[in-house]
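So the structure is just underneath, and the comments pick up after that.
The values are calculated or read from the model by the stated rules, or taken from the named source; none is laboratory data. Keep in mind the model is a prediction, meaning the values are calculated, not measured. Note that we place each Cβ from the backbone using ideal geometry, even for glycine, and neighbour counts take in every protein chain shown. Each accessible area value is taken on the protein alone, full model and side chains, heavy atoms only, with ligands, DNA and RNA left out. Shrake-Rupley method; radii C 1.70, N 1.55, O 1.52, S 1.80 Å.
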Amino acid sequence: MCEPEEVPQQVWSTWILEAIRKIRSQKQRPSVERICHAIRQHHNYHEDVVAEHLETAVKEGAVLKVFNKGQSSYKDPGGLQSRTLRIQKGVDLTKVVTKAVRELGERDGSSLKSIEKYIRQSHTVEESAENDLKGALRMAVKRAVTRNFVIQDGKNFKYNYNQQAPGIKKKEAPKRQSGNSDDLNAQSKVRTFYLKKYFT
DNA sequence: CAATGCGCACCCG
DNA sequence: CGGGTGCGCATTG
């Protein structure tokens, strides 16, 4: 238990990243609560103070906030930044944009600006003057809207949870036939449930 | 009780 | 397939 003293944000980031690593090693979700808890085991700060610094770390890009399975998780961007995103002539970033919007999980939708920021934080972007990320994103977001992956709301874009959700195979053919059939759908029902629960 | 460990289902590329 | 994630429950301190 240590000082109630002023500590530079950078140190906070270190503590937070440490906490995240620890929690992940326990195969648990690095939520705000767990991060606060982990840090408070070593430092005497109120949860609100920790949470506040966590937010700052996110804004600074030292920590990535990702909305997943109905709740926010926090990650160390370090691990992911090995992912390279090459912006070349005809790249299609529709999927990337859609995923970003979903993972940002902002209730009022995400602006192009924050989408760009998020992508830069989670990838090493390789671009050029003619083919830059911003440009590619403008195209991509347009396509994502057309394809109904996201929904435009003013300047913001929201993930469309009603879309043919990825991963959920929905044979539209209402094939009865074999007795117990709804087992396949049980899982997707659960998923849809909590996605809606937190999103709506 | 808190902290840790982990099997396993699920997702995504 | 391979690799990440995290729930739910078990085990340990």
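Here are a few things to note about the model shown:
- Local electrostatic count, A:E106, Cβ distance below 11 Å [Lys/Arg +1, Asp/Glu -1]: +1
- Pairs beyond 19 Å (Cα-Cα), from A:K134/A:K155; A:K59/A:K95; A:K59/A:K113; A:K89/A:K142: A:K59/A:K95
- Each listed q (0.24 Å⁻¹) maps to a log10 I(q)/I(0) for the range A:4-64 from the Debye sum over equal C-alpha point scatterers, namely -0.98.
- Electrostatic bookkeeping for A:G135 treats Lys and Arg as +1 and Asp and Glu as -1; over the other residues with beta carbon under 15 Å from its beta carbon, the sum is +2.
- Probe 1.4 Å, accessible area per residue of the range A:84-159, Å²: 56 Å²
- Sulfur and carbon atoms: percent of accessible area, the range A:1-144 [1.4 Å]: 48 percent
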